[in-house]
Amino acid sequence: MSKKLVYIYRGFERFWHWMQAILIFFLAFTGFEIHGSYTFLGYKDAVRYHNVAAYMFIVLIIFAIFWHLTTGAWKQYVPTAKNIKAQLDYYLFGIFRNAPHPTKKTVLSKLNPLQKLTYFGLKILVIPLSVTSGLLYMFYRYPTRHGIDAINVSTLKYIAIFHTVGAILLVVFIVTHLYLITTGETVTSNLKAMLTGYEELDSDESPKDQVDEKEINTIIE
Amino acid sequence: MKKIVLLLAFFSLVVIVAIGYLSDRNYEPTIVQQLKQKYSKKYPKDVDHSRFPILQQKFTSPQQVTEACESCHNLTAHQIMNSNHWNWERAEFIKGKGIVYLGKANAINNFCIGTKGNELSCAKCHIGYGMDSTRKIFADSTNIDCLVCHDNTETYAKAGEKGGAPAPGLDYNKIAQSVGKPKRTNCGVCHFYGGGGNNVKHGDLEMSMFEPTKEVDVHMGTDALNLQCVDCHTTKQHMISGKLYSLSSMNLSRVTCEQCHTETPHESDILNEHTYKVACQTCHIPVYSKVNSTKMYWDWSTAGRLKNGEPYEIDDSLGNHTYLSIKGSFIWARNVKPDYIWFNGTASHYLEGDIISDTTKPLVLNPLHGSYNDYESKIIPVKIHVAKQPFDPVNKILIQPKLYSPEKGEGAFWQDFNWTTASEVGMKDAGLPFSGKVSFITTEMYWPINHMVSSKEQSVQCIECHTRKNSRLAKLKDFYMPGRDYSPFVDIAGNWLIILTLLGVLTHGLLRIFSSKKSKKV
């Protein structure tokens, strides 16, 4: 099995990933200050910056959804039950015995089954939970006499608590994610790949890879 | 690789700068500039009263001055005689009690308790001449004291304990010839001294407001716009807008900040949104009694101690009375952070003769209504004045004692220092039953804080309320406030989840390092 340098993360994908990383860090940092966990920027500025960053995040999400739909990249995230056990076995046992990754990383299948499941959960549950509760939080209006009773929300309580839950889940994700970056072929190979776009992959399926790459290129162009 | 890391750093910078740029909106709203222009305009007087011959005559009594006023202002007296400044009462609707006539004439407060039987002393602050227990002066319009409100020489003064008569030796010609719109001095001479001394009652109205700096009040500051009371308390036909809930109960004729500043005066939407539920005063009056102390606690039960048979007083280092034989012990405070309550503009009142249902709890004399769920309610700042005052434990009603009388032996507490006789005489004057027993009960009064507005730079900052510890709104628990409130379950569970995740990846990482070393050795 020979290794070949493959262009696995395209420009927009990397831009999206890193912007998302910056914004989520920033949102978490300002958000937990608003939550009352610590004081750093000052409450007023924390709220101001949090709101602006939230809008930027939403714009980014809209672009990302568009990109995923038009390129067909969304299929990467469809969860599969296949190999889940093998992947779990790898993380629990194989990794300590220097066993090979149970699933092959290819341009068309960049994510292992556990990643698929996690990212699917993020995209379908956690991000929508955070964004929806965040928008409700932002646009929450205290009930007034002149409002429509049926759509009045009488308290911020549940909106705020759900938003906190979303934030905590994201922190848990980030901790795990940051660690699992180091479980690639080498400790830094995953990080390098997300920075440069290129990663050394097993080339036994290389002819297919190249075809796929072309396919993607034509779709994008 | 290096290039991309640099690029990422550059992107982070761009994002953060963009966030800062998009969220920076600090410029003065034009409405404030317009208001400043409007209120700094000076208007010349329409009338020079010194040219009227009738005001140049020799006056021998204040009633003659009033007659002279009324000879031109011949349709004005009835306006005064229908006002609560004259009648010391007005029609108020109180939920559960219906329409009652309420005012200084009959209300019970937790300072000097009530005016009944004490008119000679209390009526120093009545806009009339010569009130006594019979209260007959109300029928005669020449008893109207025009000068106390309209004197612009600042020389007019009332005599003490003469039922509202002027001090001797006044130059009525000079005063009458210089009458004009009321100034801060005219209003302040009564409203700053309510309760028997400077700043006893309100906390936000006191003698530093005669000539305040803008530090004390951003509107009235002589170094700012120098606004007068009547600039906000607009008046039509002697009906002055604004009233205080020590005596009022209806959401009517209130003076609001919004009447000049609109309901959405802030540039920031988040702040404007606060105005749904937070009154302007809540943020813009961070402290009251900025210059002189205000009375926070009045204990009548210690009154009556004598030294060598004589009444005495004890003062603190600032000159505030902490003990007076005639009134009891006091606690004063300065630069006070207000208490905060929900308020919808309506209040109830303890009226004379009301039975106290629970004498073990503090009796609130003027409960202010409101709650988070009430659409009309906003959070307002209040001074809570606490007192211990006499009540009849058998009849379970507050006692209106006779306090003032010019002579000993008439039962007045300030002369004879005997609660039983003072209560007996006082309750008889008030037409209320008295069992012969005097006990003391804790009472509270809520005084909304509306003056001593600070500049926007000094207003209450977000973090003073939106914080877990020592929030200014810590006592208002009927709503969720970001920064102050959280779900303990979610926070604890979340913290554990994060800790366990960290431990998990740490263990996993250590095991990997350990196993890779082992395999290398092999």
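Structural remarks
- Search result, residues across the range B:188-207 that are within 15 Å of the chain's Cα centre (by Cα) and not in a loop (DSSP other than H, G, I, E, B): B:Gly188, B:Cys190, B:His191, B:Met207
Each row is one residue, and each column tells you yes or no for (1) among the aliphatic types (A, V, I, L, M); (2) in contact (Cβ under 8 Å) with a residue 12 or more places away in the chain.
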| residue | (1), (2) |
| --- | --- |
| A:Gly31 | no, yes |
| A:Gly42 | no, no |
| A:Val47 | yes, yes |
| A:His50 | no, yes |
| A:Tyr55 | no, no |
| A:Val59 | yes, no |
| A:Ala73 | yes, yes |
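- Put simply, of B:Thr282, B:Thr256, B:Thr275, B:Thr294 the only residue that is of a type in the set (Val, Ile, Thr) and surrounded by fewer than 16 Cβ atoms within 10 Å (Cβ to Cβ) is B:Thr256.
- Residue within the range A:14-22 that is out of contact with any Gly (no Cβ under 8 Å at 6 or more places or on another chain), farther than 27 Å from B:Gly509 by Cβ, in a helix (DSSP H, G or I) and more than 9 Å from every other protein chain (Cβ to nearest Cβ) present: yes
- Here A:Pro79 meets the list (1) surrounded by fewer than 14 Cβ atoms within 10 Å (Cβ to Cβ); (2) not in a helix (DSSP H, G or I) almost entirely, failing just condition (1).
Here's the yes/no breakdown for (1) under 21 Å from B:Gly117 (Cβ atoms); (2) crowded, with 18+ Cβ neighbours inside 10 Å; (3) modelled with pLDDT of 95 or more:
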site: B:Asn366; (1), (2), (3): no, yes, yes
site: B:Gly370; (1), (2), (3): no, yes, yes
site: B:Lys378; (1), (2), (3): no, yes, yes
site: B:Ser405; (1), (2), (3): yes, yes, no
site: B:Thr443; (1), (2), (3): yes, yes, yes
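- Unmet requirement for A:Tyr158, which otherwise passes all of (1) at pLDDT 90 or above; (2) within 28 Å of A:Gly94 (Cβ to Cβ); (3) at the interface with chain B (Cβ under 10 Å from one of its Cβ atoms): (2)
- Boolean, B:Gly494 is within 9 Å of chain A (Cβ to nearest Cβ), at pLDDT 95 or above and farther than 30 Å from B:Glu352 by Cβ: yes
- B:Asn272 of a type outside the set (A, V, I, L, M), assigned to a helix (DSSP H, G or I) and within 14 Å of chain A (Cβ to nearest Cβ): yes
- The set of residues in the range A:34-75 being surrounded by fewer than 16 Cβ atoms within 10 Å (Cβ to Cβ), facing chain B (nearest Cβ under 7 Å) and closer than 16 Å to A:Ile127 by Cβ is empty.
- Here A:Val107 clears all of (1) modelled with pLDDT of 95 or more; (2) touching an Asp or Glu at 6+ places or on another chain (Cβ under 6 Å); (3) not acidic (Asp, Glu) except the condition numbered (1).
- Those helices (runs of 4 or more DSSP H) lying entirely in the range B:389-480 with at least 1 residues of a type outside the set (D, E, K, R), within 14 Å of another protein chain (Cβ to nearest Cβ) and out of contact with any Ser or Thr (no Cβ under 9 Å at 6 or more places or on another chain): B:462-465
- When we screen A:His163, A:His146 for residues that are within 13 Å of chain B (Cβ to nearest Cβ) and part of a helix (DSSP H, G or I), the only hit is A:His163.
- Subset of the range B:121-153 (residues that are more than 19 Å from B:Gln177 (Cα to Cα) and of a type in the set (Ser, Thr, Tyr)): B:Ser121, B:Tyr129, B:Ser133, B:Thr134, B:Ser141
- Being farther than 20 Å from B:Ile384 by Cα and surrounded by 18 or more Cβ atoms within 10 Å (Cβ to Cβ) is a property that holds for B:Arg484.
- Failed criterion for B:Thr115 (all others in (1) hydroxyl-bearing (Ser, Thr, Tyr); (2) in contact with a Lys or Arg (Cβ under 6 Å, 6 or more places away or on another chain); (3) surrounded by fewer than 20 Cβ atoms within 10 Å (Cβ to Cβ) hold): (3)
- Listed by position, the helices (runs of 4 or more DSSP H) contained in the range B:1-110 that have at least 3 residues being surrounded by fewer than 16 Cβ atoms within 10 Å (Cβ to Cβ) are B:2-22, B:30-40, B:62-72.
- Candidate set: the range B:284-330, residues that are among the polar types (S, T, N, Q) and part of a loop (DSSP other than H, G, I, E, B); chosen: the one farthest from B:Arg472 (Cα to Cα): B:Asn308
- Members of the range B:250-263 that are touching a Lys or Arg at 6+ places or on another chain (Cβ under 8 Å) and touching a residue at least 60 places away in the same chain (Cβ under 8 Å): B:Arg254
- Residue list for the range A:140-160, restricted to those being β-branched (Val, Ile, Thr) and surrounded by 18 or more Cβ atoms within 10 Å (Cβ to Cβ): A:Ile159
- The single residue among B:Pro44, B:Pro53 that is under 36 Å from the mean Cα position of the chain (by Cα) and either more than 14 Å from every other protein chain (Cβ to nearest Cβ) or not basic (Lys, Arg) (or both) turns out to be B:Pro44.
- Unmet criterion (only one of (1) surrounded by 14 or more Cβ atoms within 10 Å (Cβ to Cβ); (2) touching a Phe, Trp or Tyr at 6+ places or on another chain (Cβ under 8 Å)) for A:Tyr137: (2)
- Only a single criterion out of (1) away from chain B (no Cβ under 14 Å); (2) part of a helix (DSSP H, G or I); (3) among the β-branched types (Val, Ile, Thr); (4) under 27 Å from B:Val5 (Cβ atoms) is not satisfied by A:Val107, namely (2).
- Inside the range B:88-114, residues that are among the polar types (S, T, N, Q), under 18 Å from the mean Cα position of the chain (by Cα) and within 15 Å of B:Gly426 (Cβ to Cβ) make up a count of 1.
The values are calculated or read from the model by the stated rules, or taken from the named source; none is laboratory data. What you see is a predicted model; the values in this text were computed from it and never measured. Every residue, glycine as well, gets a Cβ built from its backbone with ideal geometry; the counts of neighbours run over all protein chains shown.
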